[in-house]
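Asks: Following this message is one structure expressed as structure tokens.
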Amino acid sequence: MKNTCKSIGLAALVACGLGLSTAQADELLVGVELPLTGTLARVGAGMHEGIMVAADVFNKTNSKHKIKIITVDNESAPAKAIAAVEKLASQGVVAIDGGYGSNNIAPASDAASKLGLVYVTSGGVDDSLVNSGRKNFFRINNSAGYQKAMVGLLGDLNVKSVSILYSTKEATAGLASDLQKSLTAKGVTVVAHAFDPAMTDFKPIINKVKLQDKSEVIAMIGYENDYVGILRAARVLKPNVKAMVGVWSLATPKMAADFPDLMPNVYGTAVLPFPAEFKTAEGKSFNDTYQRLYKKEPDYLGQFGYVQSMLLFDAIARAADKGTLKKDGVAEEMRKTDSETLIGRVQFSSNGDNVNFSHRMGQHQGKKIVIVWPKADATGKANFPGVPW
């Protein structure tokens, strides 16, 4: 045929004349439900930053598909988390990303499952999340990884006695129980103190640790507000301990900035040191994009948000290519995941758990967070004994 471009519009004519395709990248909606206000707002914001970095990186590297994020604040409340998922579903999202706190994630992921949507998170470690038959649920971290890190650090420090202070929420209570069993099996003397999630005055528990337990270390298993309350009480009563050790949401630059008097020498789980150090091309891309978007160094919350989201976005893209987005294709592609990521290799078992997850321990030292366990990944030595007072 001659002059095949003759009767079509100008834009198409130009494309035709240049031999270009007029196809545009399709837009895929991903829903994010997170606590951006309420008691978990700080950690929710950190994860959300990582999710947005992932969307930016994905959209610049995938010419065929574009991810559009729609975010709804769950206000740190289970009922609002359900409502957030339902609202996002009504807007046509193809999957749900985010979630923080197992008690929020459980009902939210159930709502997602009923609506036929995959739910991906790094914010819930309660094992009931993966042991209750949720077919569309995936997480990149778990309780076992946190327990391993805490036990490993305390073992390297040759600690002989520990007081565990833990919230009675399911995830924290479960981790406390597992930690106590592991430490006891290693010959460590352990005393456990449960506290209600609503507790704000921790002086009575700290007084028991000081006068009765006389342990070498206080292990805190809770959330940000709990850590702040415990550390404030400890600064007042000054128990004769050698270290204050916690888990998630503790070894972060946000905690150091907000509570500079409470954080010195405190240990917490951390994938990244602060300032962050990246050696891979993907890590440098993540770091550069994070700093461009947020004008600050990334922390592990952002890194977790990034990793879970990139895995999800890639699975969505593969399902879209196969035409299976509306036929459980995203869940199927997630189950096929076998990827080297910024937190290590990720593979999902049949129940949606990451079988390879292992955490690290960081310590607030000056204005830095130093990785102190395991030795293979350490960026510095532990200050031990060392407490914030």
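The values are calculated or read from the model by the stated rules, or taken from the named source; none is laboratory data. Since the model is a prediction, treat every value here as computed from it, not as a measurement. Glycine gets a Cβ as well: all are built from the backbone with ideal geometry, and neighbour counts include every protein chain shown. Only protein heavy atoms, including side chains, enter the accessible area calculation; ligands, DNA and RNA are left aside. Shrake-Rupley method; radii C 1.70, N 1.55, O 1.52, S 1.80 Å.
Asks: So, in the range 295-324, of the ones that are surrounded by 19 or more Cβ atoms within 10 Å (Cβ to Cβ) and in a loop (DSSP other than H, G, I, E, B), which residue ends up modelled with the lowest pLDDT?
Replies: My answer is D299.
Asks: Looking at the range 168-176, can you tell me whether even one residue there is surrounded by 17 or more Cβ atoms within 10 Å (Cβ to Cβ) and under 13 Å from V217 (Cβ atoms)?
Replies: Step one: of the range 168-176, the residues surrounded by 17 or more Cβ atoms within 10 Å (Cβ to Cβ) are 169-172, 174-176.
Next cut, under 13 Å from V217 (Cβ atoms) only: none.
No, the range 168-176 contains no residue that is surrounded by 17 or more Cβ atoms within 10 Å (Cβ to Cβ) and under 13 Å from V217 (Cβ atoms).
Asks: Scan the range 131-158 for residues that are open to solvent by 10 Å² or more (accessible area, probe 1.4 Å) and among the aliphatic types (A, V, I, L, M) and report the count. Can you show your working first?
Replies: First, pick out the residues of the range 131-158 that are open to solvent by 10 Å² or more (accessible area, probe 1.4 Å): 131-136, 142, 144, 147-148, 151-152, 155-158.
Checking the rest, the ones that are also among the aliphatic types (A, V, I, L, M) come to 144, 151, 157.
Total satisfying the criteria: 3.
Asks: Out of all the residues in the range 64-106, which are open to solvent by 40 Å² or more (accessible area, probe 1.4 Å) and part of a loop (DSSP other than H, G, I, E, B)? Reasoning before the result, please.
Replies: Initial filter on the range 64-106 (open to solvent by 40 Å² or more (accessible area, probe 1.4 Å)): 64, 66, 68, 71, 73, 75, 78-80, 82-83, 86-87, 90-92, 103.
Passing the criteria: K64, E75, Q91, G92.
Asks: Residue pairs, Cβ under 6 Å, 6 or more apart or interchain, first in the range 320-348 and under 19 Å from R360 (Cβ atoms) and without any contact (Cβ under 8 Å) to a residue 12 or more places away in the chain, second of a type outside the set (V, I, T) and surrounded by 13 or more Cβ atoms within 10 Å (Cβ to Cβ). List them.
Replies: Final answer for the pair search is R345/N356.
Asks: Please verify whether K60 is among the basic types (K, R) and either over 19 Å from P298 (Cβ atoms) or open to solvent by less than 30 Å² (accessible area, probe 1.4 Å) (or both), treating the condition exactly as stated.
Replies: Values: among the basic types (K, R): yes; either over 19 Å from P298 (Cβ atoms) or open to solvent by less than 30 Å² (accessible area, probe 1.4 Å) (or both): no.
Judged against the criteria, K60 is not a match.
Asks: Please give the number of the condition N59 fails out of (1) assigned to a helix (DSSP H, G or I); (2) more than 16 Å from W248 (Cα to Cα); (3) out of contact with any strand residue (DSSP E or B) (no Cβ under 7 Å at 6 or more places or on another chain).
Replies: Of everything listed in (1) assigned to a helix (DSSP H, G or I); (2) more than 16 Å from W248 (Cα to Cα); (3) out of contact with any strand residue (DSSP E or B) (no Cβ under 7 Å at 6 or more places or on another chain), N59 misses just condition (3).
Asks: Tell me, yes or no, whether the range 328-335 has at least one residue that is surrounded by 13 or more Cβ atoms within 10 Å (Cβ to Cβ), modelled with pLDDT under 95 and part of a loop (DSSP other than H, G, I, E, B). Steps first, please.
Replies: Going through the range 328-335, the residues surrounded by 13 or more Cβ atoms within 10 Å (Cβ to Cβ) turn out to be 328-335.
Of the ones still in play, those that are also modelled with pLDDT under 95 are 328.
Next, from what is left, pick out any that are part of a loop (DSSP other than H, G, I, E, B): 328.
Yes.
Asks: A follow-up question, please. Any residue in the range 135-146 that is at negative phi and of a type in the set (K, R) sitting within a Cβ distance under 8 Å of a residue that is open to solvent by less than 10 Å² (accessible area, probe 1.4 Å) and not in a loop (DSSP other than H, G, I, E, B)? List the pairs, counting only those 6 or more apart or interchain.
Replies: Matching pairs, first to second residue: K135/A331; R139/V120; R139/T121; R139/L129; R139/Q308; R139/N354.
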